[in-house]
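So the structure is just underneath, and the comments pick up after that.
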Amino acid sequence: MKLRRALAATTLLASGGAIALAAPANADLVTRCVGEGGAVTVPGDLVVPAGKTCWLDGTTVEGNVRVQAGADLIVTGGTLKGSVVVNENAYFDATDTTITGPIRAKNAFGTYLDSSEVGGAVNASADEGSPYEGFIYVVGSEVAGKVQASVPGEVLFDGATIGGAVVTDGTRYTDIYDSTLNKALTVTNNPDGAVFCESEIYGSASYSGNSYILQIGANGPVTTCEGASYWDKNLDISNNTATIVVSNNIIRGNLSGEGNDPAPTGENNRVRGTVSGQFVDLPAPAALRASAPQDRAAELAAKAAERRADAQAEAEAAGDAKL
């Protein structure tokens, strides 16, 4: 199933361009980007100044990238050979792009990856009370490292391949569609629950402390999901206050869980290990489609598209970044 729905320091030249920091004399070159950049190679680091926008098309950056507070970096067909740091209320959007290092976002607006490759980890965090959601949206992309999110925003994978563990804590929801997770999955304290649909995971998985709905392999009630999901190791679902529906899963390990209120329901599960706790004699779900399915992917895609469009318009207005 292919969802894809709706889908820095010293005085800088006003026109942008490459500058060297004042000291020391052998300091790395830093390029300031405001506006549009094309198919050139930036020899050192690149920074998008606070409140500004940079739109790169076919650009290679040899060093690290910093997106300062309130700034936007849109990259299409690029190569970023270092790390990417996304600061407060900043936005990073990459399509058909290779990022060699990790992506670290703190109190950011969000991170969007489409048909891209990340050689390191993706980490999104937020200070307590931060007004910025810091979502992670990964579409048709590969992340070699761990994905970790402790932000008030969304985490959504659609057609993604994640090489490291996936850990989300306190995110709005964690929805995984048509994706492959090669290590463990831990989902805790999501107020809007989680969806796991037509995906496969090769590490152990656990869901705890979540609310609203946990749709694990099932066709509803959050969204349509017609295929099976595969779990290579154990699946534990415990201590949630969510409506839990576990259906259409192949579980090579154990299926377990206690302390869920209401008790889980489900059907059509093939468990090769042991079944314990509230999942013994699991009752069939009733009236899954009593309410209209949501399209949370479309909602998140629209949020990213709006910020992207605004950033691209601002970059066009700023003109050539003179990289």
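The values are calculated or read from the model by the stated rules, or taken from the named source; none is laboratory data. Owing to the predicted nature of the structure, the values given are computational and were not obtained by experimental measurement. Ideal geometry is used to build each Cβ from the backbone, glycine not excepted, and the neighbour counts take in all protein chains shown.
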| query | Taking into account only those residues within the range 160-200 that are of a type outside the set (Phe, Trp, Tyr), touching a Lys or Arg at 6+ places or on another chain (Cβ under 8 Å) and crowded, with 21+ Cβ neighbours inside 10 Å, which is nearest to residue 130 (Cα to Cα)? | reply | 190
| request: Could you look through the range 201-228, keep only residues that are surrounded by 24 or more Cβ atoms within 10 Å (Cβ to Cβ) and not in a strand (DSSP E or B), and pick out the one that is modelled with the highest pLDDT? | output: 210
| query | Within the range 68-85, is even one residue under 21 Å from residue 177 (Cα atoms), out of contact with any helix residue (DSSP H, G or I) (no Cβ under 6 Å at 6 or more places or on another chain), among the hydroxyl-bearing types (Ser, Thr, Tyr) and assigned to a loop (DSSP other than H, G, I, E, B)? | reply | no
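Evaluate the range 185-198: report whether one residue or more is in contact with a Pro (Cβ under 8 Å, 6 or more places away or on another chain) and either within 25 Å of residue 110 (Cα to Cα) or part of a strand (DSSP E or B) (or both).
no
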| remark: If you go through 149, 165, 194, the only one that is within 16 Å of residue 237 (Cα to Cα) and either outside the structural domain of residue 227 (by TED's automatic domain parsing) or over 12 Å from the mean Cα position of the chain (by Cα) (or both) is 194
| query | When the range 104-129 is examined, which residues are found to be modelled with pLDDT of 95 or more and assigned to a loop (DSSP other than H, G, I, E, B)? | reply | 107, 108, 109, 115, 116, 119, 120, 121, 126, 127
| query | Of everything in the range 15-56 that's among the hydroxyl-bearing types (Ser, Thr, Tyr) and at pLDDT 95 or above, which residue is nearest to the chain's Cα centre (by Cα)? | reply | 53
| query | What are the residues in the range 224-262 that are of a type in the set (Ser, Thr, Tyr) and in contact with a strand residue (DSSP E or B) (Cβ under 6 Å, 6 or more places away or on another chain), if any? | reply | 229, 230, 238, 241, 243, 247, 256
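Table: residues versus (1) over 23 Å from residue 310 (Cβ atoms); (2) surrounded by fewer than 21 Cβ atoms within 10 Å (Cβ to Cβ); (3) in the same structural domain as residue 131 (by TED's automatic domain parsing).
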| residue | (1), (2), (3) |
| --- | --- |
| 72 | no, no, yes |
| 76 | no, yes, yes |
| 90 | no, no, yes |
| 102 | yes, yes, yes |
| 110 | no, no, yes |
